[in-house]
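Novice: Can you read through this structure? Questions will come right after.
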Amino acid sequence: THTSGTIASKTNNTVGVSGVAGGFGISEPGCKIMCLRQGYSFNDAGSENGRTTMSIVAQAVTYAYRNGATAINYSSGSSSGGGVEAATDSAVAHEVVISASAGNSNINSFGYLQSRTDVLCVASTGSSDAKSSFSNFGAAVDVSAPGSSIRLA
């Protein structure tokens, strides 16, 4: 929801936050967000944690492009298998732009989706426009974007 809000925040609405696809005032509606749950939560020794499988991710990718999504944001680790290869191939063939977070382990290593040349791999920067301390880094990174110490109105 944080990434979606950053992207789709309406411009010129006197709130103080604006996104690149949020539209302008009341005259331009901006983008629509299709929220898809591609995982589940569980109790991990007393702490709430999240988990997914690549087959669930593949189902979400397929559902998204079949229902009109033009861009997909994926902010989790990934591996091959479970049909994610074919689902990603199909989405890209339907001209869907896919972005995937580089990861949060401060290492030069990437998951399956992040390593694909047809998926945009996005690293995190902080308020000083430098790499966030936790962000993965390396040749697979295509672009960096604000991901920590972001001012919220």
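The values are calculated or read from the model by the stated rules, or taken from the named source; none is laboratory data. Everything quoted here is computed from the prediction, not taken from an experiment. Please note: Cβ atoms are built from the backbone with ideal geometry, for glycine as well, and neighbour counts cover all protein chains shown. For accessibility, only protein heavy atoms count, side chains too; no ligands or nucleic acids. Shrake-Rupley method; radii C 1.70, N 1.55, O 1.52, S 1.80 Å.
This table checks each residue for (1) more than 16 Å from the chain's Cα centre (by Cα); (2) assigned to a helix (DSSP H, G or I).
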| position | (1), (2) |
| --- | --- |
| N13 | yes, no |
| V17 | yes, no |
| K32 | no, no |
| V57 | no, yes |
| A60 | no, yes |
| A64 | no, yes |
| I72 | no, no |
| A86 | yes, yes |
| D89 | yes, yes |
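Novice: Also, quick follow-up: Please determine, by comparing only the residues of the range 120-145 that are open to solvent by 40 Å² or more (accessible area, probe 1.4 Å) and not in a loop (DSSP other than H, G, I, E, B), which one is nearest to T3 (Cα to Cα).
Specialist: S144
Novice: Suppose the filter is in a loop (DSSP other than H, G, I, E, B), at pLDDT 90 or above and more than 22 Å from I7 (Cα to Cα); does N106 pass it? Working first, answer last.
Specialist: Numbers: in a loop (DSSP other than H, G, I, E, B): yes; at pLDDT 90 or above: yes; more than 22 Å from I7 (Cα to Cα): yes.
Taking the combined requirement at face value, the residue satisfies it.
Novice: Is it true that some residue in the range 36-48 is hydroxyl-bearing (S, T, Y), closer than 21 Å to A91 by Cα, at pLDDT below 90 and not in a loop (DSSP other than H, G, I, E, B)? Outline the logic, then answer.
Specialist: Taking the range 36-48 as the starting set, the residues that turn out to be hydroxyl-bearing (S, T, Y) are 40-41, 47.
With the extra rule that they be closer than 21 Å to A91 by Cα, the set shrinks to none.
Looking through the range 36-48, none of the residues is hydroxyl-bearing (S, T, Y), closer than 21 Å to A91 by Cα, at pLDDT below 90 and not in a loop (DSSP other than H, G, I, E, B).
Novice: Could you please find all residues in the range 91-119 being over 17 Å from P146 (Cα atoms), under 15 Å from the mean Cα position of the chain (by Cα), open to solvent by 50 Å² or more (accessible area, probe 1.4 Å) and polar (S, T, N, Q)?
Specialist: S115
Novice: Just the residues that are touching a residue at least 12 places away in the same chain (Cβ under 8 Å) and surrounded by 10 or more Cβ atoms within 10 Å (Cβ to Cβ), please, taken from the range 33-49.
Specialist: Within the range 33-49, I33, M34, L36, Q38, G39, Y40 meet the criteria.
Novice: Restricted to the range 14-27, and to residues that are at pLDDT 75 or above and touching a Gly at 6+ places or on another chain (Cβ under 9 Å), which residue is surrounded by the most Cβ atoms within 10 Å (Cβ to Cβ)?
Specialist: Selected residue: G22.
Novice: Considering the range 91-103 alone, what residues qualify as being closer than 13 Å to I72 by Cβ and part of a loop (DSSP other than H, G, I, E, B)? Step through it out loud before you land on a result.
Specialist: Here is the first cut: in the range 91-103, the ones closer than 13 Å to I72 by Cβ are 91-92, 94-101.
Within the range 91-103, H94, E95, V96 meet the criteria.
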